[in-house]
Amino acid sequence: MIWIDTIIQGVLLGGLYALFAAGLSLVFGIMRLVNLAHGDLIVFAAYLILLLVSLLGLSPFLAATIAAPIMFGVGWALQRHVLNRVLGPDILPPLLVTFGLSVVLQNALLEGFSADSQRLPAGEIATASVQMGGLNLGVLPLLTFASAILVIVGLNQLFYRTELGRAFRATSDDAVTAGLMGIRPERIFATATAIAMLVVTLAALYLGMRANFDPNIGPARLIYAFEAVIIGGLGSLWGTLAGGIIIGVAQTVGAAINPEWQILAGHLAFLIVLLIKPRGLFPRAVD
(Lines give C-alpha, C1' and ligand atoms only; values in the text may rest on other atoms or scores of the structure.)
Protein backbone atom coordinates (compact mmCIF):
# COMPACT_ATOMS: atom_id res chain seq x y z
CA MET A 1 0.00 0.00 0.00
CA ILE A 2 2.89 2.35 0.70
CA TRP A 3 4.21 1.99 -2.84
CA ILE A 4 0.74 2.28 -4.33
CA ASP A 5 0.24 5.51 -2.39
CA THR A 6 3.66 6.75 -3.55
CA ILE A 7 2.81 6.13 -7.20
CA ILE A 8 -0.63 7.75 -6.89
CA GLN A 9 0.92 10.80 -5.25
CA GLY A 10 3.38 10.94 -8.14
CA VAL A 11 0.56 10.80 -10.68
CA LEU A 12 -1.19 13.68 -8.89
CA LEU A 13 2.06 15.66 -8.79
CA GLY A 14 2.35 15.04 -12.51
CA GLY A 15 -0.88 17.01 -12.98
CA LEU A 16 0.88 20.12 -11.65
CA TYR A 17 3.84 19.56 -14.00
CA ALA A 18 1.41 19.10 -16.90
CA LEU A 19 -0.12 22.49 -16.10
CA PHE A 20 3.38 23.99 -16.13
CA ALA A 21 4.01 22.44 -19.53
CA ALA A 22 0.65 22.78 -21.36
CA GLY A 23 1.08 26.45 -22.28
CA LEU A 24 4.66 25.84 -23.35
CA SER A 25 3.54 22.92 -25.53
CA LEU A 26 0.77 24.99 -27.12
CA VAL A 27 3.11 27.85 -28.05
CA PHE A 28 5.81 25.55 -29.37
CA GLY A 29 3.33 23.49 -31.36
CA ILE A 30 1.96 26.56 -33.17
CA MET A 31 4.95 28.82 -33.70
CA ARG A 32 8.00 26.70 -32.76
CA LEU A 33 8.88 29.26 -30.11
CA VAL A 34 10.99 28.12 -27.16
CA ASN A 35 10.04 30.55 -24.40
CA LEU A 36 12.81 30.59 -21.79
CA ALA A 37 10.75 32.98 -19.65
CA HIS A 38 7.84 30.54 -19.28
CA GLY A 39 8.75 29.53 -15.72
CA ASP A 40 9.21 33.14 -14.67
CA LEU A 41 5.82 34.04 -16.14
CA ILE A 42 4.30 31.34 -13.91
CA VAL A 43 5.98 32.94 -10.90
CA PHE A 44 4.87 36.39 -12.06
CA ALA A 45 1.27 35.16 -12.22
CA ALA A 46 1.60 33.68 -8.73
CA TYR A 47 2.73 37.06 -7.37
CA LEU A 48 -0.10 38.78 -9.23
CA ILE A 49 -2.61 36.45 -7.54
CA LEU A 50 -0.90 37.04 -4.18
CA LEU A 51 -1.14 40.82 -4.70
CA LEU A 52 -4.87 40.59 -5.44
CA VAL A 53 -5.40 38.37 -2.40
CA SER A 54 -3.50 40.80 -0.16
CA LEU A 55 -5.03 44.04 -1.47
CA LEU A 56 -8.63 42.95 -2.02
CA GLY A 57 -8.95 40.21 0.59
CA LEU A 58 -10.09 37.68 -2.02
CA SER A 59 -9.70 33.92 -2.01
CA PRO A 60 -6.93 32.65 -4.29
CA PHE A 61 -9.48 31.11 -6.67
CA LEU A 62 -11.38 34.38 -7.07
CA ALA A 63 -8.13 36.32 -7.37
CA ALA A 64 -7.05 33.95 -10.16
CA THR A 65 -10.22 34.71 -12.13
CA ILE A 66 -9.22 38.40 -12.02
CA ALA A 67 -5.57 37.67 -12.78
CA ALA A 68 -6.42 35.47 -15.79
CA PRO A 69 -7.63 38.26 -18.13
CA ILE A 70 -4.68 40.40 -17.03
CA MET A 71 -2.27 37.60 -17.95
CA PHE A 72 -4.19 37.09 -21.21
CA GLY A 73 -3.51 40.73 -22.10
CA VAL A 74 0.13 40.44 -21.02
CA GLY A 75 0.62 37.39 -23.24
CA TRP A 76 -1.09 39.01 -26.22
CA ALA A 77 0.93 42.23 -25.92
CA LEU A 78 4.20 40.38 -25.33
CA GLN A 79 3.79 38.25 -28.45
CA ARG A 80 2.29 40.98 -30.65
CA HIS A 81 4.79 43.71 -29.88
CA VAL A 82 7.97 41.86 -28.86
CA LEU A 83 8.22 38.19 -29.81
CA ASN A 84 6.65 38.47 -33.26
CA ARG A 85 9.50 40.80 -34.20
CA VAL A 86 12.13 38.11 -33.62
CA LEU A 87 10.34 35.03 -34.99
CA GLY A 88 11.92 33.54 -38.09
CA PRO A 89 14.05 30.70 -39.40
CA ASP A 90 16.80 31.52 -36.89
CA ILE A 91 15.90 30.21 -33.42
CA LEU A 92 18.60 32.25 -31.67
CA PRO A 93 16.85 35.69 -31.51
CA PRO A 94 13.73 34.35 -29.71
CA LEU A 95 15.96 32.46 -27.28
CA LEU A 96 17.97 35.60 -26.49
CA VAL A 97 14.87 37.78 -26.10
CA THR A 98 13.04 35.32 -23.83
CA PHE A 99 16.21 34.77 -21.80
CA GLY A 100 16.46 38.54 -21.33
CA LEU A 101 12.79 38.65 -20.36
CA SER A 102 13.46 35.93 -17.78
CA VAL A 103 16.26 37.97 -16.21
CA VAL A 104 14.11 41.13 -16.17
CA LEU A 105 11.16 39.35 -14.55
CA GLN A 106 13.30 37.78 -11.85
CA ASN A 107 14.94 41.07 -10.92
CA ALA A 108 11.66 43.02 -11.06
CA LEU A 109 10.01 40.51 -8.71
CA LEU A 110 13.03 40.68 -6.39
CA GLU A 111 12.73 44.46 -6.26
CA GLY A 112 8.98 44.40 -5.78
CA PHE A 113 8.54 41.48 -3.38
CA SER A 114 12.04 40.74 -1.99
CA ALA A 115 13.61 37.27 -1.95
CA ASP A 116 11.38 36.03 0.87
CA SER A 117 9.32 32.93 0.17
CA GLN A 118 5.58 33.47 -0.19
CA ARG A 119 2.55 31.19 -0.26
CA LEU A 120 -1.06 31.64 -1.25
CA PRO A 121 -3.52 31.05 1.62
CA ALA A 122 -5.30 27.85 0.64
CA GLY A 123 -7.38 27.57 3.81
CA GLU A 124 -9.00 24.27 4.73
CA ILE A 125 -8.54 22.82 1.26
CA ALA A 126 -4.78 22.62 1.90
CA THR A 127 -5.25 19.87 4.50
CA ALA A 128 -8.54 18.33 3.34
CA SER A 129 -8.42 14.74 2.10
CA VAL A 130 -10.73 12.01 0.87
CA GLN A 131 -10.64 8.26 1.44
CA MET A 132 -10.26 6.20 -1.74
CA GLY A 133 -9.51 2.49 -1.59
CA GLY A 134 -7.93 2.75 1.84
CA LEU A 135 -5.73 5.67 0.81
CA ASN A 136 -5.92 9.28 1.97
CA LEU A 137 -5.71 11.56 -1.08
CA GLY A 138 -5.41 15.31 -0.70
CA VAL A 139 -8.23 17.37 -2.14
CA LEU A 140 -5.84 19.99 -3.53
CA PRO A 141 -3.68 17.48 -5.48
CA LEU A 142 -6.86 15.84 -6.83
CA LEU A 143 -8.19 19.23 -7.87
CA THR A 144 -4.87 20.03 -9.55
CA PHE A 145 -4.91 16.80 -11.53
CA ALA A 146 -8.55 17.24 -12.54
CA SER A 147 -7.75 20.78 -13.69
CA ALA A 148 -4.84 19.49 -15.78
CA ILE A 149 -7.10 16.99 -17.54
CA LEU A 150 -9.74 19.67 -18.17
CA VAL A 151 -7.09 22.01 -19.60
CA ILE A 152 -5.74 19.32 -21.93
CA VAL A 153 -9.26 18.39 -23.07
CA GLY A 154 -10.16 22.06 -23.54
CA LEU A 155 -7.04 22.85 -25.56
CA ASN A 156 -7.57 19.80 -27.76
CA GLN A 157 -11.18 20.80 -28.39
CA LEU A 158 -10.05 24.32 -29.22
CA PHE A 159 -7.29 23.06 -31.49
CA TYR A 160 -9.29 20.48 -33.44
CA ARG A 161 -12.94 21.56 -33.19
CA THR A 162 -13.02 25.32 -33.69
CA GLU A 163 -12.33 27.83 -36.44
CA LEU A 164 -9.58 29.36 -34.33
CA GLY A 165 -8.05 25.90 -33.98
CA ARG A 166 -8.06 25.47 -37.75
CA ALA A 167 -6.25 28.79 -38.04
CA PHE A 168 -3.75 27.57 -35.43
CA ARG A 169 -3.08 24.38 -37.39
CA ALA A 170 -2.84 26.17 -40.74
CA THR A 171 -0.41 28.75 -39.38
CA SER A 172 1.64 26.04 -37.68
CA ASP A 173 1.93 24.07 -40.93
CA ASP A 174 2.78 27.01 -43.20
CA ALA A 175 2.46 30.60 -41.99
CA VAL A 176 3.14 32.06 -45.44
CA THR A 177 0.39 30.05 -47.16
CA ALA A 178 -1.98 30.75 -44.28
CA GLY A 179 -1.32 34.45 -44.77
CA LEU A 180 -2.24 34.17 -48.46
CA MET A 181 -5.56 32.63 -47.40
CA GLY A 182 -6.48 35.66 -45.29
CA ILE A 183 -5.12 34.50 -41.92
CA ARG A 184 -3.00 37.03 -40.01
CA PRO A 185 -0.17 34.91 -38.53
CA GLU A 186 0.96 37.67 -36.16
CA ARG A 187 -2.53 37.81 -34.62
CA ILE A 188 -2.78 34.04 -34.44
CA PHE A 189 0.56 33.87 -32.64
CA ALA A 190 -0.51 36.59 -30.20
CA THR A 191 -3.78 34.76 -29.49
CA ALA A 192 -1.93 31.48 -28.88
CA THR A 193 0.41 33.10 -26.36
CA ALA A 194 -2.52 34.84 -24.67
CA ILE A 195 -4.31 31.50 -24.26
CA ALA A 196 -1.09 29.96 -22.94
CA MET A 197 -1.03 32.68 -20.28
CA LEU A 198 -4.48 31.57 -19.10
CA VAL A 199 -3.00 28.13 -18.47
CA VAL A 200 0.00 29.77 -16.80
CA THR A 201 -2.36 31.56 -14.39
CA LEU A 202 -4.00 28.27 -13.41
CA ALA A 203 -0.59 26.65 -12.94
CA ALA A 204 0.48 29.62 -10.78
CA LEU A 205 -2.64 29.27 -8.63
CA TYR A 206 -1.91 25.65 -7.74
CA LEU A 207 1.82 26.26 -7.42
CA GLY A 208 1.19 29.04 -4.91
CA MET A 209 -1.28 27.02 -2.85
CA ARG A 210 0.77 23.82 -2.80
CA ALA A 211 4.27 25.15 -2.16
CA ASN A 212 6.28 28.22 -1.27
CA PHE A 213 7.52 30.36 -4.14
CA ASP A 214 10.03 33.16 -4.58
CA PRO A 215 11.33 35.20 -7.56
CA ASN A 216 14.13 32.74 -8.33
CA ILE A 217 12.20 29.49 -8.81
CA GLY A 218 11.08 30.18 -12.39
CA PRO A 219 13.98 28.36 -14.13
CA ALA A 220 13.30 25.16 -12.14
CA ARG A 221 9.64 25.27 -13.18
CA LEU A 222 10.78 25.78 -16.77
CA ILE A 223 12.96 22.66 -16.60
CA TYR A 224 10.03 20.53 -15.39
CA ALA A 225 7.85 21.96 -18.15
CA PHE A 226 10.48 21.30 -20.83
CA GLU A 227 11.02 17.75 -19.64
CA ALA A 228 7.29 17.02 -19.66
CA VAL A 229 6.91 18.46 -23.18
CA ILE A 230 9.90 16.55 -24.56
CA ILE A 231 8.95 13.26 -22.89
CA GLY A 232 5.44 13.48 -24.30
CA GLY A 233 6.56 14.49 -27.77
CA LEU A 234 6.83 18.06 -29.04
CA GLY A 235 3.40 19.49 -29.79
CA SER A 236 1.39 16.63 -28.20
CA LEU A 237 -0.89 17.93 -25.44
CA TRP A 238 -1.86 14.47 -24.14
CA GLY A 239 1.81 13.56 -24.34
CA THR A 240 2.53 16.55 -22.12
CA LEU A 241 0.22 15.11 -19.47
CA ALA A 242 1.94 11.73 -19.78
CA GLY A 243 5.33 13.43 -19.48
CA GLY A 244 4.26 15.29 -16.34
CA ILE A 245 3.02 12.04 -14.78
CA ILE A 246 6.28 10.23 -15.57
CA ILE A 247 8.33 12.99 -13.92
CA GLY A 248 5.99 13.16 -10.93
CA VAL A 249 6.03 9.38 -10.34
CA ALA A 250 9.82 9.25 -10.74
CA GLN A 251 10.24 12.02 -8.17
CA THR A 252 7.94 10.49 -5.55
CA VAL A 253 9.49 7.03 -5.98
CA GLY A 254 12.97 8.54 -5.75
CA ALA A 255 11.98 10.47 -2.62
CA ALA A 256 10.55 7.29 -1.06
CA ILE A 257 13.87 5.53 -1.55
CA ASN A 258 15.97 8.50 -0.44
CA PRO A 259 14.68 12.07 0.01
CA GLU A 260 17.85 13.40 -1.58
CA TRP A 261 17.05 11.58 -4.82
CA GLN A 262 13.70 13.25 -5.53
CA ILE A 263 14.82 15.80 -8.13
CA LEU A 264 17.55 13.56 -9.54
CA ALA A 265 15.06 10.72 -10.12
CA GLY A 266 12.87 12.97 -12.27
CA HIS A 267 15.82 14.01 -14.43
CA LEU A 268 16.98 10.40 -14.78
CA ALA A 269 13.50 9.37 -15.95
CA PHE A 270 13.70 12.14 -18.56
CA LEU A 271 17.06 10.88 -19.83
CA ILE A 272 15.88 7.25 -19.93
CA VAL A 273 12.83 8.16 -22.02
CA LEU A 274 15.03 10.16 -24.40
CA LEU A 275 17.38 7.20 -24.82
CA ILE A 276 14.48 4.88 -25.64
CA LYS A 277 12.28 7.31 -27.60
CA PRO A 278 14.37 10.30 -28.78
CA ARG A 279 11.29 12.02 -30.29
CA GLY A 280 9.19 11.50 -27.20
CA LEU A 281 6.36 9.08 -26.48
CA PHE A 282 3.71 10.67 -28.70
CA PRO A 283 5.43 12.82 -31.35
CA ARG A 284 3.22 14.66 -33.80
CA ALA A 285 2.97 12.92 -37.12
CA VAL A 286 4.98 14.50 -39.91
CA ASP A 287 3.13 14.73 -43.25
Query raised in the report: Quick one, what does Rg over Rh come out to for the range 41-152 if you take C-alpha atoms and the Kirkwood Rh?
Result: 1.07
Report summary line: Long-range amide H partners of Ser236, meaning residues 5 or more apart or on another chain whose placed amide H is closer than 5 Å, are Arg284
Query raised in the report: What percentage of the solvent-accessible surface of the chain, computed with a 1.4 Å probe over protein heavy atoms, is contributed by carbon and sulfur atoms?
Result: 67
Query raised in the report: How much accessible area per residue does the chain have, in Å², with a 1.4 Å probe?
Result: 47
Query raised in the report: Per 5 Å bin from zero, what fraction in whole % of the C-alpha pairs of the range 1-89 is there, up to the bin with the longest pair?
Result: 3, 11, 16, 19, 16, 13, 10, 7, 3, 1, 0
Report task. Filter the GluC sites (Glu not before Pro) in the range 85-194 down to the DSSP loop ones having no more than 12 other Cβ atoms within 10 Å, then list what survives. Result -> none
Query raised in the report: Translational D (Stokes-Einstein, µm²/s) of the range 154-280 at 37 °C and 0.692 mPa s when Rh comes from the Kirkwood sum over C-alpha pairs?
Result: 197
Report summary line: Asn156 and Asp173 label points (each 7 Å along its Cα→Cβ direction) are spaced in nm at 2.1
Requested in this report: Obtain the radius of gyration and the Kirkwood radius of the range 188-263 from its C-alpha atoms and give Rg over Rh.
Outcome: 1.01
Query raised in the report: Which ³J(HN,Hα) values, rounded to whole Hz and listed in residue order, are derived for the range 152-163 from phi using the Karplus coefficients 6.51, -1.76 and 1.60 in 6.51 cos²θ - 1.76 cosθ + 1.60 with θ = phi - 60°, glycine and proline given as x?
Result: 5, 4, x, 5, 5, 4, 4, 6, 10, 10, 10, 5
Report task. Figure the gain on full extension for Arg184 and Ile272 (residue separation times 0.36 nm, minus the Cα-Cα span) and round it to one decimal in nm. Result -> 27.6 nm
Requested in this report: Go through the range 166-173 residue by residue and turn each phi into a ³J(HN,Hα) via Karplus (6.51, -1.76, 1.60, θ = phi - 60°); whole Hz please, and just put x for glycine and proline.
Outcome: 4, 5, 4, 5, 5, 5, 5, 6
Requested in this report: With a bin width of 5 angstrom, please list the P(r) values of the range 54-118 as percents of all Cα-Cα pairs, from the 0 bin to the one holding the largest distance.
Outcome: 4, 14, 14, 19, 21, 13, 9, 5, 2, 0
Report summary line: Ranked by GNM mean-square fluctuation in the chain (Cα springs under 10 Å), the top entry among Ile223, Ile149, Ile91 is Ile91
Report task. For the range 113-186, report the translational diffusion coefficient in µm²/s to the nearest whole number, using Stokes-Einstein at 10 °C, 1.306 mPa s, and a Kirkwood Rh over Cα pairs. Result -> 97
Query raised in the report: For the chain, modelled as a Gaussian network with Cα springs under 10 Å, which listed residue fluctuates most, Leu48, Leu143, Leu26?
Result: Leu143
Requested in this report: Return one quarter of the surface area of the convex hull spanned by the alpha-carbon atoms of the chain, equal to its mean projected area, in nm².
Outcome: 15.9
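The values are calculated or read from the model by the stated rules, or taken from the named source; none is laboratory data. Note that the structure is a prediction, hence the values are computed from the model and not measured. Note that each Cβ is placed from the backbone with ideal geometry, even for glycine, and that neighbours are counted across all protein chains shown. Side chains included, ligands, DNA and RNA excluded: accessible areas come from the protein's heavy atoms. Shrake-Rupley method; radii C 1.70, N 1.55, O 1.52, S 1.80 Å.
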